[in-house]
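None of the figures in this text is laboratory data; all of them are computed from the coordinates on show. Please read these numbers as outputs of a predicted model, since none were measured by experiment. Using ideal geometry, Cβ is built from the backbone for each residue, glycine included, and neighbour counts are taken over all protein chains shown.
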Amino acid sequence: MNKGIDILIIDDEQVIVDAIVKICSLDNYSVDTAINVRTAKEKILKNYYPIIICDIMMPDGDGFQVLDELQKKNIESSIIMTTGYSTVENAVNSLYKGAIDFIPKPFTVDELLSSIYRANKYHKIKEKQKLLSLQKNNDELLYVSGPGKYLRLGYSSWMYQEREGSVLIGVCDLFIKTFESIQEIELQNVEDEIAQGICCASFKSVKDRIHKMLSPISGRIVEVNENLKTNPNLIEKDPYFEGWIYRVIPTNIDYEIKFLIPCSSDRL
Amino acid sequence: MFKKIGFRIIFVVALTSLIIIGVFAYFNVKSQSISLIAEVERHANQLGETVISSTRYDMMLNQRDRIQQTINSIGTQPQIRDVRIINKIGEIIYSSDSTNINRMVDKRAESCYACHAEDKPLEQISITERTRIFRIHPDSNRVLGIITPIYNEKSCWQSDCHAHPENQKVLGVLDVSISLADVDKSILKSEWNIGFFAIVAILGVGLLIGFFVRRWVSLPVNELLGGTKQVSAGNLNYTIKDLGDDEIGKLGQSFNNMTKKLSEARMQLFQSDKMASLGRLAAGVAHEINNPLTGVLTYSSFLLKRTKDNPEFQEDLKVIVRETLRSREIVKSLLDFARQSVPKKNSADINEILDKSIGVIENQLSINKVKIVKQTDAILPKITVDANQIQQVFINLFVNASDAMEKDGGTITVSTRQISVSPFGTAQIKKATCSKRHSLLDNEVKIDGLPSLKVKVRSNGDENIIHIDPVYGKLRNIYTQDYREKRETQYVCPECNISLIEENILCPKCQAPILFFDTGEQGFYEVCSHKGCAWAKWNFVDSAGLKESVEIRISDTGYGISREDISKIFEPFFSTKGQKGNGLGLAVIWGIIDNHNGTINVESEVGKGTTFTIRLPLAQQR
């Protein structure tokens, strides 16, 4: 890999581009910018960017076109989608189409930085995995995929339909691996409503970085895993079974399940 | 003109009466003239007989001069045109007109034809056959002639002169002709009379019918026509005045009913249209505002990071960041309101939220010389609310209050307390069915924003829908215009017509029948059917006891809200602030409080001030 530029910023608003450039410079990332879909596509083909921060609504097209282009050309950048028109549909659609995160505008410096941090980590894990598979070294596991029956939203959260009609919700191992060591968990309460693509739990890691978990499904929380409060590391140890987070009565599962990906699938 | 119903009816009626009167007049005139002629005929016949019998003696004595004299004197009577005696060979032997004497009469002449039609003369003919009506000249009066045969008698052939042989039957005839001028005149007169009568009658009938058609048909139809024109021009508030109780009157009533329904439907359409445009607006605003907000938020939080060693900057920057984050939540809740999503609720202290809200707006209020007086209850139980949304509600209400103040400022009084609300007058009926499980909730007709209970009322074949207030014990029922309470009135389910009246029990207050609704798990809701009677009973909620709530009252000393405006203030896009407001504030507030299962009420007196009372239940029911 040639040591190129770390981040491509795609946004039609110059103020936002400038702001993101400044924020990225805080963590010493090198950046490139594109102010419309056309230039973005050109730049993607010319150079490889490990991280792409992409706005959804732009004058000559939308950010999903960039996502499609990347997928078509098999470019494995980590994409963070952002938009001022922050609907649940946009968020879920972004994650379904391969983005690793969705940050609604306006965002704070910390929100963006923690997302970039995760994107960077994610990218590194994926690179390493590629390297390992090239070396035919299959013994070393970088992260654990969820069981086959589990469905995930992007790479961050999973859900599992129980027999009783309720749904278990938790975070994927890969998501935890992108920020390492959970220090604090902030959970919602029983009876709270959560919605697909909307933050339902946040994890605090080193340097007070906050990482938001987007709920894979909409519904009402009927049970919170009390063990997590005393032992947050349970999530890291066993994210798919003992480390479940909520038990939820789903409200619109038939529709929302279309945007979820089976955990057995490798694609993002 | 013939296209008007009135004229068509008048035309048909006039034609009918014309035919009836015409036929009647024809037969009337005809029978009258027949009887007149018959009278004249009888008279002439009698005259003939009289002449014969009065001249009989003279004839026996053969005193021709005297006969002539008698005939002359009879002939001078004004109506008698001519009296002649003709002998058997056709010679006129006596005549009142002396020029005719000794002239021969042709047997073929009209006066003779009746008897002499065949070669041998008839001896006996009836009176009608002896009579003839003729004109001497075509333009002279009609004349009636009657022939009276003079028969041979024993005295004639036995007389001395022995003028006539015994075997001769008829000796001659007396021909009397009488002018019909008078008769014709009177017939003509009665023809004229009847014609005149017919015209007057037709005109009268026409006018009378015209008058009533105008009154019963034309005017109401024109009124209806005007109504439809108004409605098609878009004026759905147009009501047709009372047109009586006939079919057209009923049509008018049902027209009014229709326009009322249409106007309600249009209001709903308008409302949903408003909500849809609010959604589009919110989406647009979200996108447009979020980009600049991103600039503000990123730069300010960026600065916050870089000025860690400058506490003075830090404080100010924190305010910017905090308030930008709040703006972000507001934009989000605008989107949420447009999408009517659920609030993010956490346990919170209302007093704390209130303090935070006051902190945000304090500066602005002091610039406007507005004082805030807090009368909060120090110990309030925590309630589950979306703190951001509730703060938004408080700030909005404070801003409204401050906007309503005079230039020299005023006071906003905020009080909080825990209250126990009796379910009577506050509990909302959220489910209501008939005994066959048809839902009676009507989402289309809302009373104070809540879906009402629909009841069909039947009496004497008339059917009406009334809407019962869905709040336990409240009487803001909606009745249709022509709703009348009668002894035989039935209250039934609009879907299956099953009775909604409780059997064998009458209202303890007014003895009227009692309506009852099945509210599912919440037992039965009973309410008196009599308009204006306040009796209602809901055992289930009564037994649940008082509902614990937190009440927040925000009073100002501003202009107040007028009576017309007060019912509209929670509607989206209703604003009295002109260019300053967008009319969304109170609509959003209402949505937020409703999402918290709370209530918001407003009391206001123009010139004195306005009080908003918010009640949030402690236990969040679903």
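Converting phi to 3J(HN,Hα) with the Karplus coefficients 6.51, -1.76 and 1.60 and the offset θ = phi - 60°, the stretch B:430-446 yields 9, 8, 8, 9, 7, 6, 9, 6, 8, 5, 9, 6, 10, 6, 7, 10, 10 Hz in sequence order, with x at every glycine or proline. Here the contact order of chain B, divided by its residue count and restricted to Cα pairs under 8 Å and six or more residues apart, works out to 9 percent. For the residues of B:284-296, the average number of beta carbons from a partner chain within 10 Å of their own beta carbon is 6. For A:THR82, the residues whose amide H sits under 5 Å from its own are A:CYS54, A:ASP55, A:ILE56, A:ILE103, ignoring neighbours fewer than 5 places away on the same chain, with H placed 1.01 Å from N. For the stretch A:160-241, the normalised intensity computed at q = 0.13, 0.20 Å⁻¹ comes to -0.39, -0.96 (log10 of I(q)/I(0), Debye sum over alpha carbons, equal scatterers, no solvent). One compactness figure for the protein assembly as shown is 1.91, namely its Cα radius of gyration divided by 2.2 N^0.38 Å. With a 10 Å cut-off around each Cβ of A:13-26, the average count of Cβ atoms from other chains is 3.
The amide H of A:ASP32, built 1.01 Å from its N in the peptide plane, has A:ILE7, A:LEU8, A:ILE9 as neighbours under 5 Å, considering only residues 5 or more places off or on other chains.
Per the Debye calculation on chain B with a single equal scatterer at every Cα and no solvent contribution, log₁₀ I(q)/I(0) for q = 0.09, 0.12 Å⁻¹ amounts to -0.93, -1.25. Applying the Karplus relation 6.51 cos²θ - 1.76 cosθ + 1.60 with θ = phi - 60° to the stretch B:183-195 yields 3J(HN,Hα) values of 4, 4, 4, 5, 5, 4, 5, 6, 4, 4, 4, 5, x Hz, where x marks Gly and Pro. Dimensions of the stretch A:7-134 based on its C-alpha atoms, expressed as ranges along the principal axes with the largest first, amount to 41, 31, 29 Å. Counting other Cβ atoms within 10 Å as a rough exposure proxy, the listed residues B:MET60, A:MET213 run B:MET60, A:MET213 from fewest neighbours to most. Pairs over the 26 Å Cα-Cα cut-off, from the set A:LYS121/A:LYS204; B:LYS305/B:LYS374; B:LYS241/B:LYS531: B:LYS305/B:LYS374. Reducing the stretch B:12-57 and the stretch A:54-97 to their Cα centroids gives an inter-centroid distance of 114 Å. Among B:CYS496, A:CYS24, sorting on how many other beta-carbon atoms sit within 10 Å of each Cβ, with the fewest leading, yields B:CYS496, A:CYS24. Suppose every K and R has +1 on its Cβ and every D and E has -1 on its Cβ; what is the size of the dipole of the protein assembly as shown about the Cα centre, in Debye to the nearest 20? Value, rounded to 20: 680 debye. For the protein assembly as shown, the residue among B:CYS533, B:LEU441, B:GLN79 whose Cα projects farthest onto the positive side of the dipole built from Cβ charges is B:GLN79. Take each residue in A:81-93, count the other chain C-beta atoms within 10 Å of its C-beta, and the mean is 3. Sorted on the mean count of surrounding Cβ atoms within 10 Å across their residues, most packed first, peptides B:450-458, B:501-509, A:43-51 read B:450-458, A:43-51, B:501-509. A cut-off under 14 angstrom between Cβ atoms defines the neighbours of B:ILE501, and their net charge, with Lys, Arg +1 and Asp, Glu -1, is -2. Taking amide H atoms as placed 1.01 Å from N in the peptide plane, the amide H of B:VAL445 lies under 5 Å from those of B:SER452, each 5 or more residues away in sequence or on another chain.
Rounded to whole Å, the principal axis extents of the Cα atoms in the stretch B:441-544 read 41, 33, 26, largest first. A simple packing score, the average count of other Cβ atoms within 10 Å per residue, orders the peptides B:361-374, A:53-66 as A:53-66, B:361-374, with the highest score first.
Its Cα gyration tensor gives chain A an equivalent ellipsoid; the semi-axes, largest first and in whole Å, are 30, 21, 18. Counting neighbouring beta carbons within 10 Å and listing from fewest to most, the residues B:TRP157, B:TRP590 come out as B:TRP157, B:TRP590.
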